[in-house]
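The values are calculated or read from the model by the stated rules, or taken from the named source; none is laboratory data. Remember, it's a predicted structure, so these values are computed and weren't measured experimentally. Don't worry about glycine lacking a Cβ; one is built from the backbone with ideal geometry, like all the others, and counts go over all protein chains shown.
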Amino acid sequence: MSGYLYEKDLVPQKYRILVSVRHDKLVREIASELEMPVQELRRYLIEHLDMILLENLPARAEAAGTKLSDNGEVATALGKEKYTLFIPILPVAAMDSIFRDVNERVRTGIPVAEAVAYGRAQIREALRR
Amino acid sequence: MTILQQIKNKVRARSIHVAYVDVGSCNGCDIEVLACLAPRYDIEQYGIFVHNNPREADVLLVIGAYTPGWEEKLAMVWEKIPPPKAAVAIGNCPISGCLFNRRESFVDPPVKKHIPIAAEVPGCPPRPTEILQAILLVRDAVFANWEGEHP
Amino acid sequence: MKRTVDVNIPLGPIHPCFKEPARLKCEAKGERIVGAEVELGYMKKGIERIMKGRPWQEVMFLAERVCGICSVIHNMVFIEAMEQISSIPVPPRAAYLRVIANELDRMQSHLLANFSYCYTIEHETLGMYLLDLREQVMDELERLTGARVTCAYMIPGGVRCDMPRHNAEILSGSLDRIERDLRRYSGMFADGPMIALRSRGVGILTKEAAQRAHAVGPTARASGITTDGRLIHPTYRQLGFVPLSRTDCDNYARVMVRFDEIIQSISLIRKCLQDLPKGVIRGGGVCKGGETRYSGEAPRGELTYFIKSDEYGRIVDIQIQTPSIMNIEACCHEMIIGADSIADVTATFVSADPCIACTER
Ligand code: SF4
């Protein structure tokens, strides 16, 4: 357990950012997409992102939405770029391995929706770790 | 008062260093303080130097309505300033909280509660000339006769 | 992503170069910066929470005090959003006067930003010239609106006060003077060899990174993205507005874009004065209920208001997305990375024209 010398605990401040109207909507959206509890996602965001990035989340999500992705259906459904470059909650390497896994499954004949659901479960696992 | 003390008084009143600290304002007062630097108002002709370093400062300009992030820290800044020192509240925000002092907001005005304030300049925002005048008045009140009052 | 690192150089909250408190934590490897984090929380006033449940007459003044540097545009975007919700028409003369006020505001904001940059790279002479020029612009703003900073010039269905003929003449006279001085100063900046050493090639923000962070305003335009909220504004369309951009992506480009935009603003105001329509300045109207998203181009970039009001014109829900959020984010997570020293960090941070008051509201 580390203490603070100068800075205060920023969790309440970050929580205030995340519960304002637009941020709340976005967090709920991501949580329902990944099928994880909202509280858990919020905790993850608070622990891993700094304040300015939290403030900027809706704009970044918007940028991810408008950018025409050209790397296939699976990548878009999984949010390959969205969750690494635009909303950086996963390291690129972790996402790449999940993406490879999902692609492998699609190749062996499992329907895309099912494979993507599996991929999302993997993302969820990665976030919990 | 000895001659040496008189000289000290005179010199001290001609070299005031100013630091400003923004404790949650709308920026309106900030830029009016900055405008004092402009050649038109020319704060430096009175021997006032805006430096923004608390350890060298004599006058601290407090701007803004005191947000929770500044708890303890404003007092820390105030302690860093060597005496003689004075704090001046610029704008309505540190005086009353201006329009941020409502239900649901996070601010905790007035700043008077947290550090001693020597002078207040009301206005939303005050004009640069008013800020300048306040600093000059504080100079005359606090620094011009410091040696006589604190032998 | 947050990391625990061994060398972490904190800048702020009180720093001689920053006008406002922010805490920048730079991860350094030797002197080279490999990452940066910003922690805010020194300016959070909760203005959106105050706004909720209040009538528009009050929120109008609150909106202005989101940011004191660009108060005119906050006023304008809020009022135009309310007009859009309740379909209130604006008389043409008022629309033109709004543009004049807005462009004067942009000029003073850009001059202040460039002053800060020059001050940070220790070129005080040029900084003071620019600050003096800004006072002349402030005079014009005061003559038009009646106040220097928070002027509440626009109201639903028009503007507060008219511009008499002789004021227009004074304004165009001083515009000539300002333009002459400005060309000289921007020439000094463009050709200064020492300035180029401190600014060229420092703080690169590539086009892709700018798009990712959704950078806006001069910061994005210096990276070759021609986005400008004024392109979709009806009055600016009438004036034939074309956005500027540069492609060198560094501190120098950002400052030069601002210089160029000031000159562009001057020509926009001239055009407005030239064909200023005659007629009333207030049409009147009633604010109603509805929901909208409205954006305008603030000096720092695209400013968006998400407003929901009820039938009496009270604000039910509001969220403000200010340009500084995106720009500071782009600055701290993209531009600063790879800076060669801490001195470059402050210069780069200031070149993005950060405004913490709007970022935290
Ligand atoms: S007094 Fe007015 S202008 Fe000054 S910081 Fe407060 S709200 Fe802004």
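Name every residue in segment C:33-61 that is farther than 30 Å from C:ILE336 by Cβ and charged (D, E, K, R), in order of residue number.
Narrowing segment C:33-61 to residues farther than 30 Å from C:ILE336 by Cβ: C:49-61.
Hits for segment C:33-61 are C:ARG49, C:LYS52, C:ARG54, C:GLU58.
Can you find even one residue in segment B:98-107 that is within 19 Å of C:ARG361 (Cα to Cα) and either of a type in the set (Ser, Thr, Tyr) or away from every other protein chain (no Cβ under 14 Å) (or both)?
Yes, that holds for at least one residue.
Tell me yes or no: at least one residue of segment B:91-113 is surrounded by 17 or more Cβ atoms within 10 Å (Cβ to Cβ), away from the ligand (no atom under 12 Å from the Cβ), outside any loop (DSSP other than H, G, I, E, B) and in contact (Cβ under 8 Å) with a residue 12 or more places away in the chain.
no
When you scan segment B:48-68, how many residues do you find that are of a type outside the set (A, V, I, L, M), within 16 Å of the ligand (Cβ to nearest atom) and at the interface with another protein chain (Cβ under 7 Å from one of its Cβ atoms)?
Here the count works out to 1.
Just to be sure before I move on: is C:GLU64 away from chain B (no Cβ under 14 Å) and either crowded, with 23+ Cβ neighbours inside 10 Å or farther than 18 Å from C:CYS331 by Cβ (or both) in the structure I sent?
In short, no.
Go through segment C:130-169 and report how many residues are touching a Phe, Trp or Tyr at 6+ places or on another chain (Cβ under 7 Å) and surrounded by fewer than 21 Cβ atoms within 10 Å (Cβ to Cβ).
2
Evaluate the following for C:GLU334: is it touching a residue at least 24 places away in the same chain (Cβ under 8 Å), of a type in the set (Asp, Glu), within 14 Å of another protein chain (Cβ to nearest Cβ) and not in a strand (DSSP E or B)? Before the answer, list the steps.
Numbers: touching a residue at least 24 places away in the same chain (Cβ under 8 Å): yes; of a type in the set (Asp, Glu): yes; within 14 Å of another protein chain (Cβ to nearest Cβ): yes; not in a strand (DSSP E or B): yes.
The answer is yes for C:GLU334.
Taking into account only those residues within segment C:250-273 that are surrounded by 21 or more Cβ atoms within 10 Å (Cβ to Cβ) and basic (Lys, Arg), which is farthest from C:GLU103 (Cα to Cα)?
C:ARG254
Test B:GLU120 against the criterion of being closer than 26 Å to C:GLU64 by Cα, surrounded by fewer than 22 Cβ atoms within 10 Å (Cβ to Cβ), of a type in the set (D, E, K, R) and more than 14 Å from chain C (Cβ to nearest Cβ), and give yes or no. Break it down stepwise before answering.
Working: closer than 26 Å to C:GLU64 by Cα: yes; surrounded by fewer than 22 Cβ atoms within 10 Å (Cβ to Cβ): yes; of a type in the set (D, E, K, R): yes; more than 14 Å from chain C (Cβ to nearest Cβ): yes.
For B:GLU120, the condition - closer than 26 Å to C:GLU64 by Cα, surrounded by fewer than 22 Cβ atoms within 10 Å (Cβ to Cβ), of a type in the set (D, E, K, R) and more than 14 Å from chain C (Cβ to nearest Cβ) - is met.
Being within 16 Å of C:TRP56 (Cβ to Cβ) and not in a strand (DSSP E or B) narrows it down to one of C:LYS271, C:LYS288, so name that one.
Just one listed residue meets the conditions, C:LYS288.
Check off (1) surrounded by fewer than 24 Cβ atoms within 10 Å (Cβ to Cβ); (2) under 22 Å from B:CYS93 (Cα atoms); (3) touching a residue at least 24 places away in the same chain (Cβ under 8 Å) for B:HIS51 and give me the number that stays unchecked.
Checking B:HIS51 against (1) surrounded by fewer than 24 Cβ atoms within 10 Å (Cβ to Cβ); (2) under 22 Å from B:CYS93 (Cα atoms); (3) touching a residue at least 24 places away in the same chain (Cβ under 8 Å), the one that fails is (2).
Please state which of the following conditions B:MET76 fails to meet, knowing it meets all the rest: (1) within 16 Å of the ligand (Cβ to nearest atom); (2) without any contact (Cβ under 8 Å) to a residue 12 or more places away in the chain.
(1)
May I ask you to say which residue of C:GLY289, C:GLY301, C:GLY285 is under 20 Å from C:VAL90 (Cα atoms) and either surrounded by 17 or more Cβ atoms within 10 Å (Cβ to Cβ) or modelled with pLDDT of 85 or more (or both)?
Numbers: C:GLY289 fails: either surrounded by 17 or more Cβ atoms within 10 Å (Cβ to Cβ) or modelled with pLDDT of 85 or more (or both); C:GLY301 fails: under 20 Å from C:VAL90 (Cα atoms).
Sole residue among the options that is under 20 Å from C:VAL90 (Cα atoms) and either surrounded by 17 or more Cβ atoms within 10 Å (Cβ to Cβ) or modelled with pLDDT of 85 or more (or both): C:GLY285.
Specify the residue that is modelled with the lowest pLDDT; the eligible residues are those in segment B:115-142 that are out of contact with any strand residue (DSSP E or B) (no Cβ under 9 Å at 6 or more places or on another chain) and either away from the ligand (no atom under 15 Å from the Cβ) or within 15 Å of B:GLU44 (Cα to Cα) (or both).
My answer is B:ASP140.
Have a look at C:THR235, C:THR226, C:THR247 and point out the one that is more than 14 Å from chain A (Cβ to nearest Cβ) and either crowded, with 22+ Cβ neighbours inside 10 Å or more than 25 Å from C:MET76 (Cβ to Cβ) (or both).
Result of the check over C:THR235, C:THR226, C:THR247: C:THR247.
When both residues are 6+ apart or on different chains and their Cβ atoms are under 6 Å apart, which pairs have a first residue that lies in segment B:20-47 and is within 8 Å of chain C (Cβ to nearest Cβ) and assigned to a helix (DSSP H, G or I), and a second that is of a type in the set (Val, Ile, Thr) and near the ligand (Cβ under 8 Å from one of its atoms)?
B:GLY28/C:VAL149; B:GLY28/C:THR150; B:CYS29/B:ILE63; B:CYS29/B:ILE90; B:ASP30/B:ILE63
Go through segment C:16-38 and report how many residues are within 7 Å of another protein chain (Cβ to nearest Cβ) and more than 21 Å from C:SER351 (Cβ to Cβ). Let's see the steps before the verdict.
Just the residues of segment C:16-38 that are within 7 Å of another protein chain (Cβ to nearest Cβ), to begin with: C:16, C:19-21, C:37-38.
Retained after the next criterion (residues that are more than 21 Å from C:SER351 (Cβ to Cβ)): none.
Number of matching residues: 0.
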